[in-house]
Amino acid sequence: MRYMQVLLVLIFCSFLPDSSAQAVPGPTEQLKPTLNVLLDILLDPSLKGSEHKEARRAKIMGHVTQRFDFREMSQRVIGREWRSLSQEQQDYFQELFTKLLENAYIGKFESYSGQEVQYIGERIRDERAIVSTQIENNSQWLPVDYIMINKEAQWMVYDINIEGVSLVRNYMEQFKSILRRDKFDGLIKLLEEKNRTFE
């Protein structure tokens, strides 16, 4: 009789929903901690100023790379050309492009001084999601959308849309004409020179 009770309990449990599957956090829930840490770093008095730029950027990039898929970004801005590149070329382009984004975009956010950030909502469709936020800017609200892709239960940012302008599409259009005119080697040279101007 006891054996039958145990068997019934096991059968019943097998029909219960998998709590671990339900516990997978959504895109906003996964993105928010990364952005919170990023803002904390920008507000840290010990990391303020140009003399702490290197340490500040290192901490920022250490956290950002956990939630931002720079490989996916790199592949998308290159487009079809990506498949013809060697592994070494892909890796080097990703390195240069990531550095460009660090210089061009994180540099803009380093003036952050505690402005309010609001999470407006999220839209999920299959393995893609958009997390909509807005940040206070001179008494106005600046809309910032994070475009994300689900990779093995990890929601990763692969594009940022600021005031309706896609970061990836913007660079993709620029790089398309450079690739057409100067090929991949020309694009690499341009990125190397551009990054040197930020030093």
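The values are calculated or read from the model by the stated rules, or taken from the named source; none is laboratory data. Note that the structure is a prediction, hence the values are computed from the model and not measured. Cβ sites come from the backbone with ideal geometry, for glycine too, and all protein chains shown count toward neighbours.
Quick check on my filter: what residues within the range 121-140 are exposed (fewer than 14 other Cβ atoms within 10 Å of the Cβ) and out of contact with any Asp or Glu (no Cβ under 9 Å at 6 or more places or on another chain)?
Initial filter on the range 121-140 (exposed (fewer than 14 other Cβ atoms within 10 Å of the Cβ)): 121, 123, 125-127, 136-140.
Of everything in the range 121-140, those that are exposed (fewer than 14 other Cβ atoms within 10 Å of the Cβ) and out of contact with any Asp or Glu (no Cβ under 9 Å at 6 or more places or on another chain) turn out to be G121, R123, R125, D126, E127, N137, N138, S139, Q140.
If we scan the range 105-120, do we find a residue that is under 17 Å from S74 (Cβ atoms) and either of a type in the set (S, T, Y) or modelled with pLDDT of 95 or more (or both)?
Within the range 105-120, one or more residues are under 17 Å from S74 (Cβ atoms) and either of a type in the set (S, T, Y) or modelled with pLDDT of 95 or more (or both).
Looking at the range 93-199, what strands (runs of 3 or more DSSP E) fall wholly within it and have at least 2 residues that are free of Cβ contacts under 8 Å to residues at least 12 places away in the same chain and of a type outside the set (D, E)?
Details: elements: 117-125, 128-137, 140-151, 154-162.
Of the strands (runs of 3 or more DSSP E) lying wholly inside the range 93-199, those with at least 2 residues that are free of Cβ contacts under 8 Å to residues at least 12 places away in the same chain and of a type outside the set (D, E) span 117-125.
With the condition being modelled with pLDDT under 90 and surrounded by fewer than 17 Cβ atoms within 10 Å (Cβ to Cβ), I'd like the helices (runs of 4 or more DSSP H) fully within the range 1-71 carrying at least 3 qualifying residues.
2-14, 19-22
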